[in-house]
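Worksheet for the structure shown next.
Computed from the coordinates by the stated procedures, all read-outs in this text should not be read as laboratory data. Computed from a predicted structure; not experimentally measured. Note that each Cβ is placed from the backbone with ideal geometry, even for glycine, and that neighbours are counted across all protein chains shown.
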Amino acid sequence: MIYGRNFRPRRLLPFPLVTTPTPRGQVDTLTRSSADPLIHARGLTKTFGTFTAVDGIDFAVPRGEAFGFLGPNGAGKSSTMRMIACVAPITSGSLRILGMDPATQGPAIRGRLGVVPQQDTLDLELTVRENLYIYGRYFGLSRSVLRGKVEELMDFAQLSDRADAKVEPLSGGMKRRLTIARSLINDPEILLLDEPTTGLDPQARHVLWDRLYRLKQQGVTLVLTTHYMDEAEQLCDRLVVMDGGRIVAEGSPQQLIAEHSTREVAELRFPPGENAAAAERVSALLDPASERAEVLPDRVLLYVADGERMLARAHEQGLAPISSLVRRSSLEDVFLRLTGRSLVD
Amino acid sequence: MSATVAAGPEAAARPRIRASRWQVVEYQLYVGRRIWRTMFVVGVGTPLAYVLALGVGLGTVVDNNGNTLGVPYIVYVAPAFLTAAALQIAAADTAFPIMAGFKWIRTFHGMAATPLTATQICDGQLLWVALRIFANSAVYLGIMAAFGGTERWWVLLTIPVATLTAMAFAAPIAALAATLENEGNAFNMVFRFVVTPMFLFSGTFYPISQLPQWGQDLAYISPLWHGTMLARGAAIGHLGALPALGHVAYLLAWLVPGIAVARWRFAVRISK
């Protein structure tokens, strides 16, 4: 938890606002409420008919944190996000956002959220500038405030040179950056990102991560879902792993790795058909309390404290893998451990 | 018109959020700027074609062959065309754009993430259609007048009458559009089996007393007949106050529940 972080009144963007500073910049809302989580869920449940998408989850997100929901498809991440976004009603349990109840104060909460949906909802017929302007109008922002704001956000999203281009022909990465820029038009206190980089090429993903990291530095609370482990490790201070509508693990990326995996993983590749037998032999070398082996069709994974040492001992035992590598445990190992390797959909 | 949203604990410090249906209308104006050519062709081309071909062309034939309507045929038929065009454009402008807003370009889902409520989004969309119909009808009336299709100032009432008629039919279409999950084949059915027959059997071209009883019964149900009666009454002046009120009441009986159902369907669709 990072309650103790030193919060300052922030600006959304690192450069000075062209327009008058927003009133929020003048009040210290942070000291007042930093002890209360911005998002607080207890027994949060969402059902569709007989199907339970979210099954009584508890979580809290303090101000300034980057909080992630990880999970395979159908784990309930998006349903949870839609409840936090005050778009879908909760079925049962309790949910408070910014100290308010989504059921009765939805518009007031939404006015202080930024939402990056899984599927873009940009108007393809309009230009980049018009998309930002119109979206700002939905928040009741005046034309004069928006004039400066739109320019800043286009700059932030590196879209200034496309300001008057229609959105339709823009690349996926550009559209995604525009969606993120648009979600910032109201200086949101919480930014919700549902699979922000799915479908983007590596360059576009890294640019997006950079932008999100900058927002985080400015104190925007980020809540994101992803099934990219590298994304979660890059961006999240803390995350929960969801599976089947429940939270199966919670912690910082490092904590999760420490709790649910070993320090290192040795990957030993044997000829097809020999992996199972090799795993059996090498298992004898493992510390049964903390280490384990996993057999895949093409290789054996050894979750161990010291990979090189284990590899050396395997060679001593006369095992001769075709190839081998030793790496650090990653969040992906944790994820697969917790949610299984089989496809769910 | 605008719903002021009470902000949270920091309300005093934050700018008050004023989300309103008019912002949805503003959005449509931006989109409309891109398609104004189409809107112009529909708004001017259609009335020109109808007034010339049927009002002037067919009208000449009717007037030369013992017209018993009491007014030139163009004066009789043009207000009905105006009303029918309003209804048809409103139906099309409600059906596919709303379907697109939920399904294809998903703009309504974007709006739903802002302080706008489902009711405001629905109302804004309908308001936009109503404004467009109002403007279209004014253009239509101008073209009618240019070809001698108007006789008195009361004919100006055809503009609000046509708008009311169009929206009475468009509101339930909006509810349908917000409900349909497929590619909108149901709309083809609606246009083929409801909108077109309605045009033919609502006393547009001749009094419905010329129809057999079943045809007259159909006309009584049709909102277009009630709108046509009102518009023609305004244009010619034979309509009593009580029947006029009856027609207005019938159209409101479509419009008000239609809007209520449309708002409900918008809310259901957005929260799905």
Over chain B: helical MRE at 222 nm, DSSP H runs n ≥ 4 each giving -39500 (n - 2.57), nearest 500:
-21000 deg cm²/dmol
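Multiply the residue gap between A:Q317 and A:L124 by 0.36 nm, knock off their C-alpha separation, and tell me the result in nm, one decimal place. Numbers along the way, then the final one.
Values: separation 193, 0.36 × 193 = 69.48 nm, distance 6.32 nm.
Here the answer is 63.2 nm.
Would you tally the net charge around A:A88, using a Cβ to Cβ cut-off of less than 10 Å, leaving A:A88 out, and scoring K and R as +1, D and E as -1?
Values: positive: A:K46, A:R82, B:K272; negative: none.
Neighbour charge sum, excluding A:A88 itself: +3.
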Which net charge results when you count Lys and Arg as +1 and Asp and Glu as -1 among the other residues whose beta-carbon is under 10 Å from that of A:L208?
+2
C-alpha long axis of helix B:158-179 to longest principal axis of chain B, angle in °
50
Max mean-square fluctuation residue, GNM over chain B, Cα-Cα springs under 10 Å, options B:H109, B:H238, B:H247
B:H238
Under the 7 Å Cα-to-Cβ spin-label approximation, B:D217 and B:R152 lie apart by a distance in nanometres of 3.5
Could you pull out every whole DSSP H run in chain A that spans at least 20 Å of Cα extent along its own axis and averages -0.5 or higher on the Kyte-Doolittle scale?
none
Please state the charge dipole magnitude for the stretch A:263-328, taken about the Cα centre, from unit charges on C-beta atoms (+1 on K and R, -1 on D and E), reported in debye and rounded to the nearest 20.
120
What relative contact order, as a whole-number percentage, does chain B give when Cα pairs under 8 Å and 6 or more residues apart are counted?
25
Can you show me the helix-derived [θ] at 222 nm for chain A, built from DSSP H runs with n ≥ 4 at -39,500 (n - 2.57) apiece and divided by the number of residues, rounded to the nearest 500.
-10000 deg cm²/dmol
What is the magnitude of the charge dipole of chain B about its Cα centre, with +1 placed on the Cβ of each Lys and Arg, -1 on the Cβ of each Asp and Glu, and no other charges, expressed in debye to the nearest 20?
840
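Please arrange A:M242, A:M229, B:M198 by counting, for each residue, the other beta carbons lying within 10 Å of its beta carbon, fewest first. All intermediate terms of the calculation are to be shown ahead of the outcome.
Working: A:M242 28, A:M229 18, B:M198 22.
Neighbour counts put them in this order, fewest first: A:M229, B:M198, A:M242.
Tell me, what is the percent relative contact order of the stretch A:23-256, built from C-alpha pairs under 8 Å that lie six or more residues apart? List each step's numbers first, then the result.
Details: 426 pairs, mean separation 65.4, N = 234.
Computed value for the stretch A:23-256: 28 percent relative contact order.
If I take every Cα pair under 8 Å that is 6 or more residues apart in the stretch A:263-328, average their sequence separation and divide by the length, what percent do I get for the relative contact order?
Details: 115 pairs, mean separation 33.2, N = 66.
Contact order relative to length: 50 percent.
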Can you compute the modelled spin-label distance between A:R143 and A:E250, with each label point 7 Å from Cα toward Cβ, in nm?
4.9
Taking K and R as +1 and D and E as -1, what net charge do the other residues with C-beta under 11 Å from the C-beta of B:A178 add up to?
+4
Residue farthest toward the positive end of the dipole of the protein assembly as shown, with Cβ of Lys/Arg at +1 and Asp/Glu at -1: which of A:S290, B:G246, A:P253?
B:G246
Assigning unit charges at the beta carbon (Lys, Arg +1; Asp, Glu -1) and nothing else, what dipole magnitude in debye, to the nearest 20, does the protein assembly as shown show about its Cα centre?
1660
With label points built 7 Å along Cα→Cβ from the Cα atoms of B:F193 and B:L69, find their separation and express it in nm.
3.1
Residue among B:T46, B:T68, B:T165 with the largest mean-square fluctuation in a Gaussian network model of chain B, springs linking Cα atoms under 10 Å
B:T68
Among DSSP beta bridges lying fully in the protein assembly as shown, give the percent that are antiparallel, nearest 5.
70
Just A:A108, A:A249, A:A284 to compare: in a GNM of chain A, with alpha carbon springs under 10 Å, which one fluctuates most?
A:A284
Binning every alpha carbon pair distance of the protein assembly as shown at 20 Å from zero, what are the percents per bin?
17, 39, 27, 13, 4, 0
log10 I(q)/I(0) for chain A, Debye formula on C-alpha points only (no solvent), q = 0.15 Å⁻¹, two decimals, reads -1.22
Per the 1/(1 + (r/R0)^6) rule, R0 = 35 Å and r from the Cβ atoms of A:F51 and B:L200, FRET efficiency to 0.05 is 0.15
The stretch B:39-84 versus the stretch A:67-102: alpha-carbon centroid distance in Å
58
From fewest to most C-beta neighbours within 10 Å, the residues A:I322, B:I105, A:I247, A:I109 line up as A:I322, B:I105, A:I247, A:I109
Any number yet on Rg/Rh for the stretch A:119-276, C-alpha, Kirkwood?
1.10
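In which sequence would B:L224, A:L44, A:L95 go, from the one with the fewest C-beta neighbours within 10 Å to the one with the most? Write out the running numbers ahead of the final one.
Working: B:L224 28, A:L44 24, A:L95 21.
Ordered from fewest to most neighbouring Cβ atoms within 10 Å, B:L224, A:L44, A:L95 come out as A:L95, A:L44, B:L224.
Using DSSP, restrict attention to beta bridges with both residues in chain A and report what percent are antiparallel, rounded to the nearest 5.
On the way: 35 of 53 bridges.
If I count the DSSP bridges inside chain A, around 65 percent turn out antiparallel.
Filter the cross-link list A:K166/A:K216; A:K77/A:K166; A:K166/B:K272; A:K46/A:K77; A:K149/B:K103 down to pairs whose alpha-carbon distance in this structure exceeds 23 Å. List each step's numbers first, then the result.
Numbers: A:K166/A:K216 30 Å; A:K77/A:K166 32 Å; A:K166/B:K272 30 Å; A:K46/A:K77 11 Å; A:K149/B:K103 30 Å.
Among A:K166/A:K216; A:K77/A:K166; A:K166/B:K272; A:K46/A:K77; A:K149/B:K103, the Cα-Cα distance tops 23 Å for A:K166/A:K216; A:K77/A:K166; A:K166/B:K272; A:K149/B:K103.
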